[in-house]
Every structure is written in C-alpha cells, then in structure tokens.
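Engineer: Before anything else, here's the structure in question.
The values are calculated or read from the model by the stated rules, or taken from the named source; none is laboratory data. All values derive from a computational prediction rather than experimental measurement. With ideal geometry, Cβ positions are generated from the backbone for all residues, glycine too; neighbour counts draw on all protein chains shown. Just so you know, the surface numbers come from the protein's heavy atoms only, side chains and all, with ligands and any DNA or RNA stripped out. Shrake-Rupley method; radii C 1.70, N 1.55, O 1.52, S 1.80 Å.
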Amino acid sequence: MNIDIQQIEQSKIDSVDFDNLNFGRTFSDHMFVCDFIDGQWTNPQILPYGPLLFEPSARVFHYGQAVFEGMKAFKDDNDDIFLFRPDENFNRINVSAERLAMPPVPEKVFFEGLEKLLNLDKDWIKKGLGNSLYIRPFIIASEGAIAASPAEAYKFIIICSPAQSYYAGEVRVLFSEKYSRAADGGVGSAKAAGNYAAQFYPTSLAHKEGYQQIIWTDANTHQYLEEAGTMNIFFRVGNKLITTPTNDRILDGVTRKSIIQLAEDNNIDIEIRKVSVAEIKEAARLGELKEIFGSGTAAVINPIKGFKHQDDVFELPNIDDSYASLFKEKLLNIQYNKSEDKHNWRVKI
Ligand code: COI
C-alpha cells in the first residue's frame, strides 16, 4: 500500500509531561487517514495530528454512524514495541462496522497504516509498567447527506494518545435499576460511538451520588449484571470467578477473554454464566463476595471497592490474594515482554 506521508516539521513531544497524563487528552504527532469513496478504500495518508474538514451534513454528526476500537502499544526494556492481540481489534472493528452498515476496513489498510504510524511516533511510547500508547482506530460516515440511511463515503482514522491509568482513585459503582446500556437485538456488542454517549447522562447522575460507574443490568428485568460503562465485569465469590457470557448486548472484550484464558491457565475456577444482582448482594451479606473488578483495554483491570443497589450499600474487603492483582500482573508481564507468552498474544512491531 502506498501511503502518502506528510511529516510534522517539529515534534511537540517535548511539551508533554509524560508523568502527569490525563487519559485521552494528549495526542502524538501524526494520524493515519484513509477514505472510502465509490466503493473502495483509497488515498491512505499519514498527516500531522490536527483538525479535519467535514461538511456539517456529514452523516456521522446526525446519525452517529461511527465505530471505534481501543488498543495499546507497549515498549519493553530493549525499546522493542509490541501490540497485544491486535487481530482481535481488527476483527471486532469490522464486526462493529457490519452492524452499523459500514464497509469493512481491509487488513492491509488497518495494519500497514497502524505500523507506519507507530514507527513514526514510536518516541511517544514510553517504557515502564503502566505506560503505553493508547491507539484509537475509528470509522466515521463522512458523506454530506442527511437522509437517514447509510453513507456512501467514510473515513478510517487512527490517532494515538500516550496513556497511564484510566481511572484515578478508587472506583465504586451503582447497579442500574432504571437506565439500560443495551437491549436484545441492539448494538450493545458493537463498539458503536452511540453506546458510550447514551451512558453519559445516567453516569453523570451516578457521579452526583459519589459513584464513578454504573454496572448495567439487563434491560428487561434489571436483575442480571452485564457490563460496566467502559469495562466487562468479573465477580469473585469465595474462590470462584464469575463473568457473564457475551451476547448481542455485551462487548466481546479482549481483556475479558484474556482473563478467562489466564484463569484457566492458573487453575482458577471460572464460571461464564448469568450473574444476578440478588446472588451478588447475598454473597456480599454473607461475606463471600471477595472481589468485583472491571476489565478493558484502557482500564486494564480495575478493582471495584464498593457498590450500591436500591438502598443497600456494600464495601468490598481488602484482601491479600486478589485475583485482580494477579491477573493484572500476568497481563502486564505479557504485554511488556517480561514473561512467556504461550498464547502468542504479543505482536512485535
Ligand atoms: C477501551 O477500553 O479501549 C475502551 O473502549 C474504553 C473507552 C471508552 C475509553
């Protein structure tokens, strides 16, 4: 693929405080952009990161025809750069695109664009556990036309943002009683932009009550726990790990499936089944609920310190042998090339 590369004249990297990053606020020097016009992906370019010009009628603004991915690049002590299970993200963006009636991005466009971009901006990937370059590939409907139907023109774009942790401080959650994230037959399993926008209002209500996130319950009964806003969700009752199966309401998280594999590798008893609000509250009352944690690319693994449902408030115990810490350490060691990678999840750039 012939990528037209326009390099920046002067990198802005020296103006960035890499020890004090706010997630998703700082972007690397370049971005990859490719157009879909007349039924074909064309005009792949690497440009200085910056504003793009769109007609106000671009369909993405009106109908939210947009899907995205979240990936990370890591640097090891020898300055080698790795991605973590990038094929999963490539496959998923195209599953999401299909659900939103958008054209799939070819493998060549996705991976050659990504590799060229990372090679140009490799200094933005800092060494050290916890440092990474968060990669945001996305597809948007760029055609200017406001009939409510799929666009004929799209842009596939990749931008990169140096990252440390996603959540600062302790996370407590509300179990949803009223609002829903996704419904049967909807777009919950797609990484569709609108899935996230629709959570902002209920989540802002949760913030007012002192909770950082909502654990979404099933839209029909609100009796089963499904997913956190930006994470899949795991429960530890006794020594058993439980997580919900993926379906058309729940995102098929890459970190989620990696944790399930690591649990199996480490002989941790894991059940993939529906998890009811009632059983988790009962386990908490009996002192058997040892952990809840969320998993996602941005957040990695995030322990949840407490939760509220109706008028019942629970705090989770501090424990020494936490599964969240165990899985986080194992994942990071694989991602930063510090341990064996028996499933070949690491991909060197
Ligand atoms: C990710 O973990 O990559 C996500 O997609 C979460 C994002 C909404 C910040």
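Engineer: Against the conditions (1) surrounded by 13 or more Cβ atoms within 10 Å (Cβ to Cβ); (2) in the same structural domain as N239 (by TED's automatic domain parsing); (3) out of contact with any Asp or Glu (no Cβ under 6 Å at 6 or more places or on another chain), where does K305 fall short? Just the number, please.
Structural biologist: Unmet condition: (3).
Engineer: Ok, one more. Can you tell me which of S295, S258 is open to solvent by less than 20 Å² (accessible area, probe 1.4 Å), outside any helix (DSSP H, G or I) and either in contact with a Lys or Arg (Cβ under 7 Å, 6 or more places away or on another chain) or in the same structural domain as T217 (by TED's automatic domain parsing) (or both)?
Structural biologist: Working: S258 fails: outside any helix (DSSP H, G or I).
Result of the check over S295, S258: S295.
Engineer: Given the structure, is G70 loosely packed, with under 11 Cβ neighbours inside 10 Å and closer than 16 Å to C160 by Cα?
Structural biologist: It is false that G70 is loosely packed, with under 11 Cβ neighbours inside 10 Å and closer than 16 Å to C160 by Cα.
Engineer: Let me ask something else about it. Only one of these conditions is not met by R346: (1) open to solvent by 60 Å² or more (accessible area, probe 1.4 Å); (2) closer than 29 Å to S132 by Cβ; (3) touching a Phe, Trp or Tyr at 6+ places or on another chain (Cβ under 6 Å). Which number is it?
Structural biologist: So the condition that R346 fails would be (1).
Engineer: Moving on. Among the residues of the range 243-255, is there at least one that is within 20 Å of A192 (Cα to Cα), within 16 Å of the ligand (Cβ to nearest atom) and either in the same structural domain as N91 (by TED's automatic domain parsing) or outside any loop (DSSP other than H, G, I, E, B) (or both)?
Structural biologist: Checking the range 243-255: at least one residue is within 20 Å of A192 (Cα to Cα), within 16 Å of the ligand (Cβ to nearest atom) and either in the same structural domain as N91 (by TED's automatic domain parsing) or outside any loop (DSSP other than H, G, I, E, B) (or both).
Engineer: Given (1) crowded, with 21+ Cβ neighbours inside 10 Å; (2) at pLDDT 95 or above, where does Q223 come up short, assuming only one miss?
Structural biologist: (1)
Engineer: Just give me the residues in the range 82-100 being out of contact with any helix residue (DSSP H, G or I) (no Cβ under 7 Å at 6 or more places or on another chain) and more than 19 Å from N119 (Cβ to Cβ), in sequence order.
Structural biologist: Once the filter is applied, which keeps residues that are out of contact with any helix residue (DSSP H, G or I) (no Cβ under 7 Å at 6 or more places or on another chain) and more than 19 Å from N119 (Cβ to Cβ), the range 82-100 yields D87, N91, R92, I93, N94, V95, S96, A97, E98, R99, L100.
Engineer: While we're on this one: Any chance you could count how many residues in the range 11-30 are open to solvent by 70 Å² or more (accessible area, probe 1.4 Å) and in contact with an Asp or Glu (Cβ under 9 Å, 6 or more places away or on another chain)?
Structural biologist: Total satisfying the criteria: 1.
Engineer: Which one of the conditions (1) open to solvent by less than 50 Å² (accessible area, probe 1.4 Å); (2) within 27 Å of G306 (Cβ to Cβ); (3) away from the ligand (no atom under 16 Å from the Cβ) does A163 fail to meet, given that it meets all the rest?
Structural biologist: Exception for A163: condition (3).
Engineer: OK, next. Among A190, A183, which is within 17 Å of D252 (Cα to Cα) and modelled with pLDDT of 95 or more?
Structural biologist: A190
Engineer: Separate question: Among the residues of the range 120-134, is any within 16 Å of the ligand (Cβ to nearest atom) and in contact with a Phe, Trp or Tyr (Cβ under 6 Å, 6 or more places away or on another chain)?
Structural biologist: Checked the range 120-134: at least one residue is within 16 Å of the ligand (Cβ to nearest atom) and in contact with a Phe, Trp or Tyr (Cβ under 6 Å, 6 or more places away or on another chain).
Engineer: Just the residues that are away from the ligand (no atom under 16 Å from the Cβ) and open to solvent by 10 Å² or more (accessible area, probe 1.4 Å), please, taken from the range 227-242.
Structural biologist: The answer is V237, G238, N239, K240.
Engineer: To continue, here is another question. List the pairs whose first member sits in the range 130-155 and is β-branched (V, I, T), whose second member is open to solvent by 40 Å² or more (accessible area, probe 1.4 Å), and whose Cβ atoms are under 8 Å apart, counting only residues at least 6 apart or on separate chains?
Structural biologist: Correct list of pairs: I146/H62.
Engineer: May I ask you to say which residue of K342, K348, K305 is within 22 Å of H207 (Cα to Cα) and either modelled with pLDDT of 95 or more or within 24 Å of the chain's Cα centre (by Cα) (or both)?
Structural biologist: That would be K305, the only listed residue that is within 22 Å of H207 (Cα to Cα) and either modelled with pLDDT of 95 or more or within 24 Å of the chain's Cα centre (by Cα) (or both).
Engineer: Please find, among A190, A151, A183, the residue that is loosely packed, with under 15 Cβ neighbours inside 10 Å and part of a loop (DSSP other than H, G, I, E, B).
Structural biologist: When all the criteria are applied, what remains is A183.
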